[in-house]
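Structure first, commentary second.
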């Protein structure tokens, strides 16, 4: 398998994509709004990806957070509350907020599993600070580490109960960034001591099955390289201080925070210690460039992948989306 997760161009595989993906055999795929028209179409697409790969446990990812980050949109799919709503409830009733977040995670899983999606890039464990760029905003689960960790755990548990694997992001923390890493490289000048606040939720959820890196420069740890391409940060901070031993993927390698060609970015991320390179555009020539630089997947990465996917094997919710959403909404009505 190719240690990469790649995007698709549209709502169905093209002939060229079929030929390329069959030969390259990427670990998995990531879907965006361009790939998601309605339930029947999306299920046909995910079925075709599994048939092509020959793997029933093929990871198929989506960013379905709720609020403004939602690839599956109405009217085909219902809207979900922004993560910040659960943080607001936590201020008044922590236990109710945790129950609401767990129900929300399971409701998400019910709808995703129905269309063949088994990995949701959620929850954010970023802890916003004064001046944080709006790219995080309402996507955060609060601005206090204990709250973020508690709600993040509830979302992970809810997703898993419904047969969907969660991805904690953006490790080791995007909450202090004052730039949007889609457009430019954020530089976080906080000291190592100050950054303990950012690490705390990730440390609390270090047993999460998957995590996604931050394209952020932290001079306190590495003055030259952002986390995604920093061997120092991945080995000493993410694997070391945080203690994360799950499957580590890069954030999208096409983002403006990184420099160099896509091949160079891919090679740098994997050499730094990312298990998988994530590339989302769906442009075939770009996917080919990533594939050309990715090399072979190691035995250690295969083990982490198998462990992550085994955590959701055979699981599906015994509850309906309507039941779970009603519970969530009744709890959120208190704020």
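Only the coordinates and a few stated rules stand behind these numbers; no lab work does. Predicted, not measured: the structure shown is a model, and the values here were computed from it. Glycine also receives a Cβ, built like all others from the backbone with ideal geometry; neighbour counts cover every protein chain displayed.
For the stretch 8-60, the Stokes-Einstein estimate of translational diffusion at 20 °C and a viscosity of 1.002 mPa s comes to 192 µm²/s, using the Kirkwood hydrodynamic radius over alpha-carbon pairs. Does the stretch 127-211 classify as rounded, prolate or oblate by the C-alpha gyration tensor (a ≥ b ≥ c root eigenvalues; a/c under 1.5 gives rounded; else a/b over b/c gives prolate, otherwise oblate)? Prolate shape, in that a/c is at least 1.5 and a/b is the bigger ratio. Once both labels are positioned 7 Å from their Cα atoms along Cα-to-Cβ, the gap between residue 322 and residue 335 label points is 2.8 nm. Each 5 Å bin, from zero up to the one with the longest distance, holds this percent of the alpha carbon pairs of the stretch 59-204: 2, 11, 20, 23, 20, 14, 8, 3, 1, 0.
One quarter of the surface of the convex hull around the alpha-carbon atoms of the stretch 282-330 equals 6.6 nm², the direction-averaged projected area. The calculated FRET efficiency for residue 299 paired with residue 91, based on their beta-carbon distance and R0 = 56 Å, is about 0.75.
Among 321, 218, what is the fewest-to-most ranking by other Cβ atoms within 10 Å? List each step's numbers first, then the result.
Details: 321 18, 218 28.
In order of increasing Cβ crowding within 10 Å: 321, 218.
Express as a percent, rounded to the nearest 5, the fraction of DSSP beta bridges in the chain (both residues included) that run antiparallel. Antiparallel bridges make up about 5 percent of those DSSP assigns within the chain. Under a Gaussian network description of the chain, with springs only between Cα atoms under 10 Å, the residue in 201, 83, 219 that fluctuates furthest is 219. By other beta-carbon atoms within 10 Å, ranking 86, 29 with the fewest at the front produces 29, 86.
Shown is the FRET efficiency for residue 224 and residue 34, computed with R0 = 30 Å from the Cβ-Cβ distance and rounded to the nearest 0.05: 0.25. Let me make sure I get this right: for the stretch 89-148, a, b and c are the square roots of the gyration tensor eigenvalues over alpha carbons, sorted descending. Under 1.5 in a/c it's rounded, otherwise prolate if a/b > b/c, else oblate. Which is it? Judged from the Cα gyration tensor, the stretch 89-148 comes out oblate (a/c at least 1.5, b/c at or above a/b). Sorting 133, 170 from the fewest to the most surrounding beta carbons within 10 angstrom yields 133, 170.
Tell me, Kirkwood radius of the stretch 231-286 from alpha-carbon pair distances, in Å? It would help to have the intermediate numbers written out before the result.
Details: mean 1/r = 0.0835 Å⁻¹.
Result for the stretch 231-286 stands at 12.0 Å.
Rounded, prolate or oblate: which one fits the stretch 175-240, using the alpha carbon gyration tensor with axes a ≥ b ≥ c (rounded when a/c is under 1.5, else prolate when a/b beats b/c, else oblate)? Rounded shape, in that the Cα axes give a/c under 1.5. Convex hull volume of the C-alpha atoms in the stretch 35-108, normalised per residue: 95 Å³. Calculate the length of the line joining the C-alpha centroid of the stretch 263-330 to that of the stretch 134-200, in whole Å. For the stretch 263-330 versus the stretch 134-200, the Cα centre distance is 18 Å. Stretching the chain fully between residue 43 and residue 25 yields a gain of 4.5 nm (0.36 nm per residue, less the alpha carbon separation).
Tell me, what is the percent relative contact order of the chain, built from C-alpha pairs under 8 Å that lie six or more residues apart?
Working: 747 pairs, mean separation 67.5, N = 335.
In percent, rounded to a whole number, it is 20.
Applying 0.36 nm per residue to the separation of residue 180 and residue 313 and subtracting their alpha-carbon distance, the gain on full extension is 44.3 nm.
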